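**Student:** Please read through the structure below; I'll follow up with questions.
The values are calculated or read from the model by the stated rules, or taken from the named source; none is laboratory data. Since the model is a prediction, treat every value here as computed from it, not as a measurement. As a convention, Cβ positions derive from the backbone with ideal geometry for all residues, glycine included, and neighbour counts pool all protein chains shown. Surface accessibility is based on the protein's heavy atoms, side chains included, excluding ligands, DNA and RNA. Shrake-Rupley method; radii C 1.70, N 1.55, O 1.52, S 1.80 Å.
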Amino acid sequence: RMKQWIFIISLVSMAMAGCKNEAAKTEAPKAELKLSLAEWSLHKTLFDGKMVNMQFAAKAKKLGFTGIEYVNQFFKDKAENTAYLDSLNAAAKAAGITQVLIMIDGEGYLGEADSVRRDSAVNAHKKWVTAAKHLGCHSIRVNAHGEGTAEEVSANVVKGLTALSQFAAQHGINVIVENHGGYSSNGAWLADVMKKVNLPNCGTLPDFGNFCLKREGGVMWGAPCTEEYDRYKGIEEILPFAKGVSAKSYDFDAEGNDTKIDYKKMLDLVKASGYSGFIGVEYEGEKDSEIDGIKKTKALIEKNW
């Protein structure tokens with residue numbers, strides 16, 4: 001009889017433990033969704049002079065974001081202007097906004113074959129590293145471009161990225177590469193570059209949309225795409241190195257879904273990777289206004305998260 005009681009007590013204990021485990025599963029909190037606004041979403045407004053960089057933080061806050069991602073084109077001559085950077089800090093603080101990163105363009109190719117030109121590009125990026133530090137950003141986004149074969153550009157990009165990342169490490173800043181045209185839009189190629197650089201502050205900025213490998217006329221931008229990499233495969237390949245995520249969007253159907261990108265599939269990949277940082281909204285469509293496109297992209301992420 002004693003053995004029977006022990007057996008019954010054991011069964012009850014196991015059942016209770018199972019209930020606790022099930023409760024733990026159902027009560028597990030969802031990963032926090034942190035949304036930042038990529039400044040490129042407002043590039044038409046900015047280029048038209050209807051808004052300036054200093055107003056970006058307040059605009060992002062008004063649209064419901066908690067972080068912002070700058071584009072250096074909109075304060076190109078201000079990287080070393082500490083008074084200006086102080087004003088950006090004040091604007092962000094007033095809006096209650098986190099300054100996440102700066103996207104860098106137009107400072108030369110980090111994958112230049114010529115070592116003098118490559119060193120010049122590395123040095124041109126350094127002022128943005130110190131600007132990012134001043135603003136409290138965690139990263140600068142760079143491009144992995146160069147001339148030559150995939151193997152040649154890879155070898156040169158590794159050299160350029162390594163030099164810049166070693167400098168950035170002294171300032172506590174990450175150097176992150178976006179899939180942004182050319183070889184960098186090949187997920188396997190970019191993942192291999194990351195493995196070869198192998199520095200803790202060098203990572204990726206996976207972008208949902210930039211997977212065009214070749215365009216008509218051999219140009220990098222502004223022409224129809226003739227060869228595209230599988231975007232879901234590419235995102236999965238570069239997510240392990242992600243220190244940011246760029247939710248690119250284009251146009252939307254009647255249900256509010258992007259017509260080119262399966263957002264549920266993309267966000268499931270992001271969650272599965274364990275990424276926990278900001279997701280940046282980067283609207284690049286033509287049919288909606290910039291503000292409407294931003295709002296629709298934000299709603300689409302929130303719906304699928």
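**Student:** Leaving out ligands and nucleic acids, and using a 1.4 Å probe, what accessible area per residue does the chain come to in Å²? If you can, show how the numbers build up before the last one.
**Tutor:** Working: 14840 Å² over 305 residues.
I get 49 Å² per residue for this part.
**Student:** Share of antiparallel DSSP beta bridges in the range 99-253, in percent to the nearest 5?
**Tutor:** Working: 3 of 16 bridges.
Close to 20 percent.
**Student:** Sort the range 173-267 into rounded, prolate or oblate with this rule: let a ≥ b ≥ c be the square roots of the eigenvalues of the Cα gyration tensor; rounded if a/c is under 1.5, and if a/c is not under 1.5, prolate when a/b is larger than b/c, oblate otherwise.
**Tutor:** oblate
**Student:** May I ask for the net charge around A299, where only other residues with Cβ less than 14 Å from the Cβ of A299 are counted and Lys, Arg are +1 while Asp, Glu are -1? Write down the numbers at each step before the final one.
**Tutor:** Working: positive: K264, K295, K296, K298, K303; negative: D253, E255, D258, D288, D292, E302.
Residues close to A299 contribute a combined charge of -1.
**Student:** Nothing charged except the Cβ atoms of Lys and Arg (+1) and of Asp and Glu (-1): what's the magnitude of the dipole of the chain about its Cα centre? Round to the nearest 20 debye. Numbers along the way, then the final one.
**Tutor:** Details: 38 positive and 39 negative charges, 292 e Å.
Dipole of the chain, to the nearest 20 debye: 1400 debye.
**Student:** Moving on to the next point. With no solvent and one equal point scatterer placed on each C-alpha of the range 110-202, evaluate the Debye formula and give log10 I(q)/I(0) for q = 0.25 Å⁻¹, two decimals.
**Tutor:** Computed log10 I(q)/I(0) values: -1.30.
**Student:** Using all C-alpha to C-alpha distances in the range 224-294, build P(r) with 5 Å bins and read off the rounded percent in each one.
**Tutor:** Result, from short to long distances: 3, 14, 24, 24, 19, 13, 4 percent.
**Student:** Note the full-extension length gain between K196 and S115 as 0.36 nm times their separation in residues minus their Cα-Cα distance, in nm to one decimal.
**Tutor:** Values: separation 81, 0.36 × 81 = 29.16 nm, distance 1.85 nm.
Once the chain is fully extended between K196 and S115, it gains 27.3 nm.
**Student:** Expressed in nm to one decimal, what extension gain is obtained for the pair L33 and Q170 from 0.36 nm per residue of sequence separation less their Cα-Cα distance?
**Tutor:** Contour length minus Cα-Cα distance gives 46.3 nm.
**Student:** So, one more: Choose one of L46, V142, S165: the residue whose Cα lies farthest towards the positive end of the charge dipole of the chain (beta-carbon charges +1 Lys, Arg; -1 Asp, Glu; about the Cα centre).
**Tutor:** Checked the options; the winner is S165.
**Student:** Now, a different point. Taking R0 as 35 Å, what FRET efficiency do you get between K50 and E80 from their Cβ-Cβ distance, rounded to the nearest 0.05?
**Tutor:** 0.85
**Student:** May I ask you to give the average projected area over all directions of the convex hull of the Cα atoms of the range 75-164, in nm² rounded to one decimal?
**Tutor:** Values: hull surface 23.4 nm².
Taking a quarter of the hull surface, the average projection is 5.8 nm².
**Student:** Per the helix-only calculation at 222 nm, which mean residue ellipticity applies to the chain, given -39500 (n - 2.57) for every DSSP H run of n ≥ 4 and division by its residues, nearest 500 deg cm²/dmol? Before the final figure, lay out the partial values.
**Tutor:** Values: 10 runs with 138 residues, N = 305.
Mean residue ellipticity at 222 nm (helix-derived): -14500 deg cm²/dmol.
**Student:** Please state the shape class of the range 41-196: rounded when a/c is under 1.5, otherwise prolate if a/b exceeds b/c and oblate if not, all from the C-alpha gyration tensor.
**Tutor:** Judged from the Cα gyration tensor, the range 41-196 comes out prolate (a/c at least 1.5, a/b above b/c).
**Student:** Additional query: Using a 10 Å Cβ count of at most 15 others and DSSP loop calls, identify the longest part of the chain lacking such trypsin sites (Lys or Arg not before Pro).
**Tutor:** Numbers: sites that count: R1, K30, K50, K260, K287.
The reported range is 51-259.
**Student:** Report, by chain and number, residues whose modeled amide H sits under 5 Å from the one on N174, excluding near sequence neighbours (fewer than 5 apart, same chain).
**Tutor:** Those lying under 5 Å, H to H, from N174 are S139, I140.
**Student:** Where the convex hull is taken over the Cα atoms of the chain, what is its projected area averaged over directions, in nm²?
**Tutor:** Details: hull surface 84.2 nm².
Average projection, Cα convex hull of the chain: 21.1 nm².
**Student:** Would you mind counting up the charge near P224? Only other residues with Cβ under 15 Å from its Cβ, with Lys and Arg at +1 and Asp and Glu at -1. Intermediate results must be reported in sequence, preceding the final value.
**Tutor:** Numbers: positive: K214, R215, K260; negative: E216, E227, E228, E286.
Local charge sum for P224: -1.
**Student:** Another question about this same structure. Express the relative contact order of the chain as a whole percentage, based on alpha carbon pairs under 8 Å and six or more residues apart in sequence. Numbers along the way, then the final one.
**Tutor:** On the way: 550 pairs, mean separation 47.5, N = 305.
This gives 16 percent for the chain.
**Student:** Additional query: Straight-line reach from K271: which lysines have Cα under 16 Å away, leaving out those fewer than 8 places along the same chain?
**Tutor:** Excluding near neighbours in sequence, the set is K30, K34, K233, K243, K303.
**Student:** A follow-up question, please. Round to a whole angstrom and tell me the spacing of the C-alpha centers of the range 198-261 and the range 81-151.
**Tutor:** Here the answer is 20 Å between Cα centres.
**Student:** On to the next question. Work through the residues other than A124 whose Cβ is under 14 Å from its Cβ and net out their charges, Lys, Arg +1 and Asp, Glu -1. Don't jump to the answer; show the numbers that get you there.
**Tutor:** Values: positive: K76, R117, R118, K126, K127; negative: D77, E80, D105, E107, E112, D119.
The answer is -1.
**Student:** So if each residue of separation counts as 0.36 nm, and I subtract the Cα-Cα distance between D262 and L63, what length gain in nm does that give?
**Tutor:** Values: separation 199, 0.36 × 199 = 71.64 nm, distance 2.35 nm.
Additional length available on full extension: 69.3 nm.
**Student:** Take the Cβ-Cβ distance between A124 and A272 as r, set R0 to 35 Å, and report the resulting FRET efficiency rounded to the nearest 0.05.
**Tutor:** Details: r = 37 Å, r/R0 = 1.05.
Calculated transfer efficiency: 0.40.
**Student:** Out of the DSSP beta bridges found with both residues in the chain, what percent are antiparallel (nearest 5)?
**Tutor:** Working: 4 of 34 bridges.
Beta bridges within the chain, antiparallel portion: roughly 10 percent.
**Student:** Accessible area, 1.4 Å probe, largest first: how do T162, T98 sort? If you can, show how the numbers build up before the last one.
**Tutor:** Numbers: T162 35, T98 65 Å².
Accessible-area ranking of T162, T98, largest first: T98, T162.
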